[in-house]
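See structure below.
The values are calculated or read from the model by the stated rules, or taken from the named source; none is laboratory data. All values derive from a computational prediction rather than experimental measurement. Here the Cβ is made from the backbone with ideal geometry for all residues, glycine too, and neighbour counts use every protein chain on show.
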Amino acid sequence: MQYDAIVVGSGVAGMTAAVTLSREGRSTLVLEQASHPGGLMQTFVRGGVRFPTGVHLVGSLGEGEVLWRYLKYAGVLDRLRLVRMDPSGFLRLKLGQTDFVMPCGRETLRERLLERFPAEAGGIDRFMSDMASTAKDFALYNIEARPDMLPLAAMQHSLKEYLDCITDCAELRAILTALNPFYGVGPGECPLYAHFLVLDSFLSSAWRIDESDVTFVQAFEDALAQFGGEIRSGALVTAVETAGGEVAAVRLADGERIEACTILFTGHPKQLLQLCSDGALRPAYRNRVSGLEDTISFCGVAAIVEGLDRPPQCCNSFIYADLDTERQYGLHTIANSLPPHGVFSSMWPVGDGRHALMALATSDYSEWEAWTSSRTGARPGDYEDVKRAAAERILAFVKSNGLESARVRLVDCFSPLTLRDYTLTPSGSAYGVKKTMGALSAARISAVTRVKGLYLAGQSMVLPGVVGTVISSIDACGAIMGHERLIARVLEATS
């Protein structure tokens with residue numbers, strides 16, 4: 001059978017693109033290599049509790065905000081049960097002896113920082129002003145911004161360089177950089193614009209998706225079915241076939257050939273190099289993409305917490321051993337049996353006085369090299385021992401920062417190898433290609449390729465996280481059907 005469009009991958013990017021194309025009247029098929037769709041949207045149940053794999057905290061879902069508009073247009077938003085985080089404090093930052101609660105709202109954050117650091121008023125005001133300007137000028141983040149309104153000033157400096165210029169206060173710098181694991185690049189390498197946009201999305205509003213009844217991926221599946229799209233799991237794409245400089249079909253692992261005039265690939269860009277024949281993509285393009293560095297990966301821990309004396313001050317926390325928010329990158333905690341330097345933890349009530357806990361700590365893929373030839377469900381015993389020991393150290397670190405009196409029971413854990421197997425990212429990277437100041441130009445990958453009908457979307461393209469990934473899909477679909485037309489359709493559906 002021939003389709004108008006084939007979307008490879010069923011994560012946030014793939015499902016957003018598929019729903020968009022289907023809604024606009026194109027016969028669309030999603031192909032997913034795993035046994036279940038969703039990518040990092042997938043959930044798992046342990047101890048009777050449903051845990052999210054990768055979607056723990058989402059920003060900009062308030063009415064009229066950027067993600068609200070795109071998910072509303074896609075027919076996904078109204079299918080979800082959303083829990084709004086407390087606007088007065090959606091995220092607790094614990095940096096050694098420093099404790100700070102991050103509120104929603106740019107002005108509220110400004111006031112709280114000024115109250116804490118009155119001598120830093122100039123730097124704080126400049127930070128807030130520059131962040132607002134960047135958010136206003138970045139196309140598709142601000143849905144009405146023109147593509148030529150790029151925030152050039154925020155693309156010329158790293159986060160660390162910028163903060164060093166506006167403040168000498170180490171404590172303030174630590175607070176302003178603490179969210180960097182949400183995009184997987186330390187302050188010394190992170191382009192300023194990326195940090196501004198990720199932080200701003202949570203300051204707009206912060207939410208948790210209650211997936212106890214309808215999961216995030218189920219909402220996408222239902223919307224796709226409503227608009228006539230199809231999805232097939234267990235369908236590994238092994239080749240993208242081209243003819244005369246145009247896409248023609250995809251080939252599956254079982255030999256099946258499926259034709260389409262548009263193919264949108266949402267996996268890691270390095271995977272695409274393996275799928276296309278040598279002549280389809282220019283050698284320079286292949287060399288550039290194959291040489292790109294990936295973002296860090298994570299070890300994840302799922303636990304059930306009982307016996308809390310009182311509800312947590314914040315449901316979500318970043319906990320660091322000290323004020324250095326960059327030290328977690330490059331640490332070999334697994335090989336040296338060390339506690340993590342930083343952990344993101346998320347808790348939510350699940351009834352009967354219990355809370356679910358997810359905790360994530362950065363992990364270098366190279367530390368798992370001994371088991372890279374194994375696959376999920378068939379790994380040797382020594383891997384399981386090392387993984388569990390790492391999980392116990394992560395839990396001990398979290399427990400020593402506010403859960404001392406509680407009973408914390410580990411129910412599951414995963415490593416970078418788990419992420420690699422479920423998402424096919426070459427090194428289990430949490431956010432795909434690493435966008436740094438040194439490689440910003442090389443890492444800027446267009447949604448449009450030289451092959452007519454072949455497009456890209458996903459975390460490696462624009463920004464990481466749910467907001468950035470959805471934006472990448474809207475950008476790719478705009479390239480397919482016309483940006484102005486698509487944005488007009490989004491505005492029409494969400495006004």
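What is the one condition in (1) buried (at least 16 other Cβ atoms within 10 Å of the Cβ); (2) under 22 Å from the mean Cα position of the chain (by Cα); (3) not in a helix (DSSP H, G or I) that ASP421 does not satisfy?
Exception for ASP421: condition (3).
Which residue out of THR238, THR333 is on the phi < 0 side of the Ramachandran plot and surrounded by 15 or more Cβ atoms within 10 Å (Cβ to Cβ)? Lay out the reasoning, then the answer.
Numbers: THR238 fails: surrounded by 15 or more Cβ atoms within 10 Å (Cβ to Cβ).
The conditions single out THR333.
Looking at segment 286-294, is at least one residue free of Cβ contacts under 8 Å to residues at least 24 places away in the same chain, over 25 Å from the mean Cα position of the chain (by Cα) and assigned to a loop (DSSP other than H, G, I, E, B)?
We begin by selecting, within segment 286-294, every residue free of Cβ contacts under 8 Å to residues at least 24 places away in the same chain; these are 286-287, 290.
From what's left, over 25 Å from the mean Cα position of the chain (by Cα): 287.
Those still in the list that are assigned to a loop (DSSP other than H, G, I, E, B) too: none.
Scanning segment 286-294, I find no residue that is free of Cβ contacts under 8 Å to residues at least 24 places away in the same chain, over 25 Å from the mean Cα position of the chain (by Cα) and assigned to a loop (DSSP other than H, G, I, E, B), so the answer is no.
Of the numbered conditions (1) hydrophobic (A, V, I, L, M, F, W, C); (2) under 19 Å from VAL76 (Cα atoms); (3) modelled with pLDDT under 95, VAL470 satisfies every one except a single condition; which is it?
(3)
Going residue by residue through segment 112-130, is there one that turns out to be touching an Asp or Glu at 6+ places or on another chain (Cβ under 7 Å) and either within 13 Å of LEU176 (Cα to Cα) or polar (S, T, N, Q) (or both)?
The first filter runs over segment 112-130 and keeps only residues touching an Asp or Glu at 6+ places or on another chain (Cβ under 7 Å), leaving none.
No; the residues of segment 112-130 include none that is touching an Asp or Glu at 6+ places or on another chain (Cβ under 7 Å) and either within 13 Å of LEU176 (Cα to Cα) or polar (S, T, N, Q) (or both).
Given the conditions (1) at pLDDT 95 or above; (2) buried (at least 17 other Cβ atoms within 10 Å of the Cβ); (3) within 24 Å of the chain's Cα centre (by Cα), report the number of the one that PRO191 does not fulfil.
Only one criterion is unmet by PRO191, namely (1).
Provide a single number: the residues in segment 1-57 that are modelled with pLDDT of 95 or more and in contact with a Pro (Cβ under 8 Å, 6 or more places away or on another chain).
3
Taking segment 205-247 only, how many residues are of a type in the set (Gly, Ala, Ser) and touching a Cys at 6+ places or on another chain (Cβ under 9 Å)?
Applying the first criterion (of a type in the set (Gly, Ala, Ser)) to segment 205-247 yields 205-206, 212, 219, 223, 225, 228-229, 233-235, 239, 243-245.
If we keep only those that are touching a Cys at 6+ places or on another chain (Cβ under 9 Å) as well, we get 205-206, 239.
Going through segment 205-247 one residue at a time, the tally reaches 3.
Please tell me if LEU159 is of a type in the set (A, V, I, L, M, F, W, C), farther than 23 Å from LEU67 by Cα and in contact with a Leu (Cβ under 6 Å, 6 or more places away or on another chain). Walk me through how you get there before you give the answer.
Values: of a type in the set (A, V, I, L, M, F, W, C): yes; farther than 23 Å from LEU67 by Cα: yes; in contact with a Leu (Cβ under 6 Å, 6 or more places away or on another chain): yes.
Yes.
Among the numbered conditions (1) surrounded by 15 or more Cβ atoms within 10 Å (Cβ to Cβ); (2) hydrophobic (A, V, I, L, M, F, W, C); (3) in contact (Cβ under 8 Å) with a residue 40 or more places away in the chain, tell me where ALA170 comes up short.
Of the numbered conditions (1) surrounded by 15 or more Cβ atoms within 10 Å (Cβ to Cβ); (2) hydrophobic (A, V, I, L, M, F, W, C); (3) in contact (Cβ under 8 Å) with a residue 40 or more places away in the chain, the odd one out for ALA170 is (1).
For segment 388-409, does any single residue satisfy the condition of being in contact with a Lys or Arg (Cβ under 6 Å, 6 or more places away or on another chain) and not aromatic (Phe, Trp, Tyr)? Show your work before the answer.
Step one: filter segment 388-409 for residues in contact with a Lys or Arg (Cβ under 6 Å, 6 or more places away or on another chain), giving 401, 408.
Next cut, not aromatic (Phe, Trp, Tyr) only: 401, 408.
The answer is yes, given that some residue of segment 388-409 is in contact with a Lys or Arg (Cβ under 6 Å, 6 or more places away or on another chain) and not aromatic (Phe, Trp, Tyr).
Do we find a residue being touching a residue at least 40 places away in the same chain (Cβ under 8 Å) and either outside any loop (DSSP other than H, G, I, E, B) or small (Gly, Ala, Ser) (or both) anywhere in segment 375-382? Can you show your working first?
Our first condition is that a residue be touching a residue at least 40 places away in the same chain (Cβ under 8 Å); within segment 375-382, this holds for 375-376.
This time we only want the ones that are either outside any loop (DSSP other than H, G, I, E, B) or small (Gly, Ala, Ser) (or both), so: none.
Checking segment 375-382: not a single residue is touching a residue at least 40 places away in the same chain (Cβ under 8 Å) and either outside any loop (DSSP other than H, G, I, E, B) or small (Gly, Ala, Ser) (or both).
SER22 - would you say it is at positive phi, polar (S, T, N, Q) and touching a Ser or Thr at 6+ places or on another chain (Cβ under 6 Å)?
Values: at positive phi: no; polar (S, T, N, Q): yes; touching a Ser or Thr at 6+ places or on another chain (Cβ under 6 Å): yes.
So SER22 fails the test.
Please specify each residue of segment 428-448 satisfying the condition of being surrounded by fewer than 21 Cβ atoms within 10 Å (Cβ to Cβ) and hydroxyl-bearing (Ser, Thr, Tyr).
THR436, SER441, SER446
On the basis of being more than 18 Å from ASN316 (Cα to Cα) and among the basic types (Lys, Arg), does ARG126 make the cut?
Working: more than 18 Å from ASN316 (Cα to Cα): yes; among the basic types (Lys, Arg): yes.
Spelling it out, ARG126 is indeed more than 18 Å from ASN316 (Cα to Cα) and among the basic types (Lys, Arg).
Which ranges mark the helices (runs of 4 or more DSSP H) fully within segment 138-237 that have 1 or more residues being in contact with a strand residue (DSSP E or B) (Cβ under 7 Å, 6 or more places away or on another chain)? Lay out the reasoning, then the answer.
Working: elements: 159-166, 170-177, 192-204, 216-226.
Of the helices (runs of 4 or more DSSP H) lying wholly inside segment 138-237, those with at least 1 residues that are in contact with a strand residue (DSSP E or B) (Cβ under 7 Å, 6 or more places away or on another chain) span 170-177, 192-204, 216-226.
In the list PHE90, PHE117, which residue meets the criterion of being out of contact with any strand residue (DSSP E or B) (no Cβ under 9 Å at 6 or more places or on another chain) and either of a type outside the set (Gly, Ala, Ser) or not assigned by TED's automatic domain parsing to the domain that holds ALA174 (or both)?
Of PHE90, PHE117, the one residue that is out of contact with any strand residue (DSSP E or B) (no Cβ under 9 Å at 6 or more places or on another chain) and either of a type outside the set (Gly, Ala, Ser) or not assigned by TED's automatic domain parsing to the domain that holds ALA174 (or both) is PHE117.
Does ALA248 satisfy the criteria of being of a type in the set (A, V, I, L, M), more than 24 Å from the chain's Cα centre (by Cα) and surrounded by fewer than 15 Cβ atoms within 10 Å (Cβ to Cβ)? Walk me through how you get there before you give the answer.
On the way: of a type in the set (A, V, I, L, M): yes; more than 24 Å from the chain's Cα centre (by Cα): yes; surrounded by fewer than 15 Cβ atoms within 10 Å (Cβ to Cβ): no.
No: the conditions fail for ALA248.
Condition first: in contact (Cβ under 8 Å) with a residue 24 or more places away in the chain and of a type in the set (Lys, Arg). Can you find one or more residues in segment 472-485 that meet it?
Checked against the condition, which is being in contact (Cβ under 8 Å) with a residue 24 or more places away in the chain and of a type in the set (Lys, Arg), segment 472-485 yields no hits at all.
Quick one: in segment 424-455, of everything that is part of a loop (DSSP other than H, G, I, E, B) and β-branched (Val, Ile, Thr), which residue is farthest from VAL386 (Cα to Cα)?
Within segment 424-455, the first condition is being part of a loop (DSSP other than H, G, I, E, B), and the residues that meet it are 424-432, 434-447, 449-451, 453.
So of that shortlist, the ones also β-branched (Val, Ile, Thr) come out as 425, 436, 445, 449, 451.
On the way: THR425: 22, THR436: 31, ILE445: 36, THR449: 42, VAL451: 44 Å.
Only one residue fits best here, namely VAL451.
What pairs come up if the first residue lies in segment 224-251 and is assigned by TED's automatic domain parsing to the domain that holds GLN274 and within 29 Å of LEU71 (Cα to Cα), the second is part of a loop (DSSP other than H, G, I, E, B) and among the polar types (S, T, N, Q), and their beta carbons are under 6 Å apart, counting only those six or more places apart or on different chains?
SER233/SER35; GLY234/SER35; LEU236/GLN33
Write out, first by first residue and then by second, each pair whose Cβ atoms fall under 6 Å of each other, whose residues are 6+ apart or on separate chains, and whose first residue, in segment 196-213, is β-branched (Val, Ile, Thr) while the second is outside any helix (DSSP H, G or I).
Pairs that qualify, where the first residue is β-branched (Val, Ile, Thr) and the partner is outside any helix (DSSP H, G or I), are VAL198/TYR183; ILE209/LEU80.
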